[in-house]
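All remarks here apply to the structure that follows.
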């Protein structure tokens with residue numbers, strides 16, 4: 001009986017730790033306190049990829065989530081002695097590294113269109129521009145040139161699309177990389193129009209002041225209408241209700257989750273951002289050996305490779321300190337408290 005409870009607890013702790021790590025590391029999960037947020041996409045989302053930021057005063061990195069969303073909190077800026085404006089780049093796109101910039105708080109998308117605008121405004125390859133952005137970089141000239149660069153880009157997009165106008169702000173319009181939003185349909189159409197031309201070649205021509213748009217034809221896909229659910233509604237379930245004594249679906253095949261007398265409070269902190277999870281009726285480990293017995297490294301591999309640096313348990317509190325490698329090295333701390 002005790003072994004079943006011990007194994008159940010071990011796997012429960014690992015599942016909670018992994019889930020909280022993913023929620024904390026995926027910056028799109030909760031952006032309510034975001035200073036900068038946006039979508040990295042080429043049409044398809046640039047998912048689970050590193051976003052590098054070079055800001056006034058400091059540099060740091062964050063991650064996109066599975067939908068290409070990212071966010072940066074004030075705490076992340078403060079921890080890295082950074083302030084707006086910021087230059088941004090994201091790796092992981094099939095079109096190459098993409099670039100953007102954020103002059104003030106709000107949305108800062110990272111797409112091929114923002115990359116083209118940055119290249120034109122900076123009058124150089126965006127990769128060269130980004131590499132030259134240091135903690136004391138003066139964004140004044142870029143700010144002054146950006147309005148004209150965006151206007152020119154929109155005009156060129158419209159002329160290549162038989163007059164269709166991209167009626168959105170390429171930097172600050174929130175969108176989903178789902179193939180349905182207006183912004184994303186433009187991204188899909190632009191990528192399709194390149195044909196055998198690589199985006200890097202197109203970008204080089206454009207930032208040098210040439211007009212490669214004359215050689216492409218953009219066909220904007222029509223908006224997908226919402227599908228109507230024509231299925232027959234399910235009949236109400238009149239079977240006997242599940243009682244508290246009914247078996248609970250195991251977290252790990254072969255294990256049964258035993259209930260306990262404690263409320264578990266799990267706080268995971270990654271890159272200055274904390275995620276708190278609370279679960280009722282949890283058993284408590286008897287000692288440090290039981291708490292630290294889980295194979296956390298292999299179980300949490302979905303969030304990146306994880307190296308446990310320390311694991312301790314005393315009384316009602318257990319702490320795991322680790323390093324996560326998810327394209328960048330992240331400091332990870334998980335504190336489990338049973339109350």
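Annotations
- Test: residue in region 63-83 that is in contact (Cβ under 8 Å) with a residue 24 or more places away in the chain, part of a helix (DSSP H, G or I), closer than 26 Å to residue 205 by Cβ and within 22 Å of the chain's Cα centre (by Cα): no
- Filtered by the rule that a residue be crowded, with 16+ Cβ neighbours inside 10 Å and out of contact with any strand residue (DSSP E or B) (no Cβ under 7 Å at 6 or more places or on another chain), region 307-323 gives a lone residue, 313.
- Count of residues meeting criterion [under 28 Å from the mean Cα position of the chain (by Cα), closer than 22 Å to residue 121 by Cβ and not in a helix (DSSP H, G or I)] in region 175-224: 3
- Single residue of region 98-115 satisfying the filter (in a loop (DSSP other than H, G, I, E, B) and within 16 Å of the chain's Cα centre (by Cα)) that is farthest from residue 84 (Cα to Cα): 111
- Among the residues of region 190-205, those identified as surrounded by fewer than 21 Cβ atoms within 10 Å (Cβ to Cβ) and closer than 20 Å to residue 100 by Cα are 191, 198, 199, 200, 201, 204, 205.
- Some residue of region 252-261 being within 24 Å of residue 67 (Cα to Cα), in a loop (DSSP other than H, G, I, E, B) and either modelled with pLDDT of 90 or more or in contact with a strand residue (DSSP E or B) (Cβ under 9 Å, 6 or more places away or on another chain) (or both): no
- Across region 99-113, the number of residues qualifying as closer than 20 Å to residue 124 by Cβ and surrounded by fewer than 18 Cβ atoms within 10 Å (Cβ to Cβ) comes to 1.
- Any hit, region 18-41, residues being over 15 Å from the mean Cα position of the chain (by Cα), at negative phi, assigned to a helix (DSSP H, G or I) and at pLDDT below 95: yes
The values are calculated or read from the model by the stated rules, or taken from the named source; none is laboratory data. Only a predicted model underlies this, so the values are computations on that prediction, with no experimental measurement involved. FYI the Cβ positions are ideal-geometry reconstructions off the backbone, even for glycines, and counts take in every protein chain you see.
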